[in-house]
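Chemist: Starting off with a structure, shown below.
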Amino acid sequence: MTLTRRQFTLFATAFGLTACAASVRAEAPKPPPVWRLLPTEAYPGKQDDISFVTPDIGWFGNGAGKLFATRNGGETWTKVFDQPGTFIRALGFVDEKNGFLGNVGTGYYPGVTDENPLYRTRDGGLTWTPVSAEGIGIVKGICGIDILPRTTIFQGELRSNPVIHAAGRVGGPATMLRSVDGGETWKVIDLRDKAGMILDVKFSGADTGLVCAATASDVSQANALMLRTTDGGETWSEVYRSARLFENCWKMSFPTPDVGYATVQNYEEGKSQRIFIKTTDGGKSWTELPLVDDAAVRQFGVGFVDVNTGWIGTTTTGYTTTDGGATWTPTEMGRAVNKIRVLKAGTGIRAYAIGVQLHRLDA
C-alpha cells in the first residue's frame, strides 16, 4: 500500500512517529555542489595554473607575468609579483614559503621576452630567482610542474625532501628539469629524441613517472603521446600513441596510484569527436573513451576527486562525470579551464578550476 503525504503524516502522528517522519524528510538528497565564480583581476585569455598548499592558501598566475596570492580560499587576492615579458604557465608550491614558477619561454607566444624557464621562491612568491642547472640552455620553457612529497632522514632528523619535475613545452622542445632534493639542485633530462613537445608531468614515486606529450613539435604532424619512466627519467617507454594527426596529450589527473585520466586535444578541421584516455594500471596502458561529439569543444584541464568523480575543462564549458568517465554532463565552471586542483578540506573537498576565470567548488 502506498500512502499519500497527508496519510503518512496522520499515520505517524497517531503512532507517535513524528520524529521518524522528520528523519525521512531530513534524508532527502542534497542538490549537487556548484562551482562558484571567485573575484579576480580580469584577463583576456586562458590562465594556466593555480597551486594551493592548504584549502585556503594558494597562488595563481597568468600570461602577463602577474602572480596573485590568497589566504582565504580565493575570496580575495593580492598581487605579489609582476614581471612583464614572463608568461606564467605552471606553478607548484611545497609549502607557504617555497614554490616554483614555470615560464613558457620565448619564441612561441608574442610579447614573451623572458628566457628563464624556471624560477624558485623562498618567501611565498614575493621574490623569484632563476633556477640553474648544467645544460639548462636546451630547456626553452615549462608547461607542467609536479611536486611529489617525500620525507627523508638526515643526520637523525626527519626532513621534507620532495621530488620535483618541471617539463615542457608546447611547440617544443621536449625537455624536463628534475630535482631530488627539494629544488636545491637540478638535472636536465633531454627527451627531444622521444617527443616533439611535453604538456604535463606526473610522478607517482621518485623514479616512476609519466609525461603528456606529442610526437612532433608541429601539431599538423603530431600524434598524442604518453611516455613512462621507471628509472627517474634515464629511459622512457611509449605507453600510448593516438592514431590521428593534429593531436597532443594535454593534462592528466591521478585520483589513485592506479587510476588516471588525461585529455587528448585534436586540432584537425572538421573533426568533432572529442576523447580522453584512462588508465587502471598506473599508466602502463591507456584506453580511449568518448567525451562529447562537438567541434566547438577542445579539452584542457582534468581533475578527479576519486576514481569515479571528476571534471574536464573545455573551450566552451566544463564536463563532469560520476561514473568513471562512462557518461559526462555539461557543468558551468568557466571557459578554457586549464588546471583543476582538488584538496581535502575537513571531511569534504575543495576544488579550484582556473581558465579565463577562476571558480571554486566546496563539497
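Chemist: Please pick out the residue among 290, 257 that is farther than 26 Å from residue 219 by Cα and either free of Cβ contacts under 8 Å to residues at least 60 places away in the same chain or not in a strand (DSSP E or B) (or both).
Modeler: Just a single option satisfies the conditions, and that option is 257.
Chemist: Could you grab me the full set of residues in the range 293-334 that are in contact (Cβ under 8 Å) with a residue 60 or more places away in the chain and either of a type in the set (Lys, Arg) or closer than 21 Å to residue 224 by Cα (or both)?
Modeler: 300, 325
Chemist: Which of the residues belonging to the range 56-76 are surrounded by fewer than 20 Cβ atoms within 10 Å (Cβ to Cβ) and not small (Gly, Ala, Ser)?
Modeler: Scanning the range 56-76 gives 56, 57, 66, 71, 72, 75, 76.
Chemist: Does residue 302 satisfy the condition of being in a loop (DSSP other than H, G, I, E, B), at pLDDT 95 or above and either hydrophobic (A, V, I, L, M, F, W, C) or out of contact with any Cys (no Cβ under 9 Å at 6 or more places or on another chain) (or both)?
Modeler: In short, no.
Chemist: Looking only at strands (runs of 3 or more DSSP E) that lie completely in the range 315-361, which have at least 2 residues being of a type outside the set (S, T, N, Q), over 15 Å from the mean Cα position of the chain (by Cα) and assigned by TED's automatic domain parsing to the domain that holds residue 199?
Modeler: Filter on the range 315-361 gives 339-345, 348-354.
Chemist: Output the residue which, of all residues in the range 282-333 that are acidic (Asp, Glu) and within 21 Å of residue 270 (Cβ to Cβ), is surrounded by the fewest Cβ atoms within 10 Å (Cβ to Cβ).
Modeler: The residue in question is 293.
Chemist: Tell me, yes or no, whether the range 156-163 has at least one residue that is touching an Asp or Glu at 6+ places or on another chain (Cβ under 7 Å) and in a loop (DSSP other than H, G, I, E, B).
Modeler: For the range 156-163, residues touching an Asp or Glu at 6+ places or on another chain (Cβ under 7 Å) and in a loop (DSSP other than H, G, I, E, B): present.
Chemist: Taking only the range 202-254 into account, find how many residues are over 17 Å from residue 180 (Cα atoms) and either at pLDDT below 95 or aliphatic (A, V, I, L, M) (or both).
Modeler: Number satisfying all stated conditions: 14.
Chemist: Among the residues of the range 114-124, count how many are buried (at least 24 other Cβ atoms within 10 Å of the Cβ) and either in a loop (DSSP other than H, G, I, E, B) or not assigned by TED's automatic domain parsing to the domain that holds residue 162 (or both).
Modeler: 1
Chemist: Can you tell me which residue among 76, 4, 106, 86 is farther than 29 Å from residue 175 by Cα and modelled with pLDDT of 95 or more?
Modeler: Matching residue, one of 76, 4, 106, 86: 76.
Chemist: Quick one: is residue 230 surrounded by fewer than 20 Cβ atoms within 10 Å (Cβ to Cβ), in contact (Cβ under 8 Å) with a residue 24 or more places away in the chain and of a type in the set (S, T, N, Q)?
Modeler: Taking the combined requirement at face value, the residue does not satisfy it.
Chemist: From the list 192, 228, pick out the single residue that is assigned to a strand (DSSP E or B) and over 23 Å from residue 298 (Cα atoms).
Modeler: From the options 192, 228, the qualifying one is 228.
Chemist: Give just the number: which of (1) surrounded by fewer than 22 Cβ atoms within 10 Å (Cβ to Cβ); (2) in contact with a strand residue (DSSP E or B) (Cβ under 8 Å, 6 or more places away or on another chain); (3) under 24 Å from residue 252 (Cβ atoms) does residue 109 not satisfy?
Modeler: All conditions are met except number (2).
The values are calculated or read from the model by the stated rules, or taken from the named source; none is laboratory data. Predicted model only: the values in this text are computed from it and were never measured. Virtual Cβ from ideal backbone geometry, glycine too; neighbours counted across all protein chains shown.
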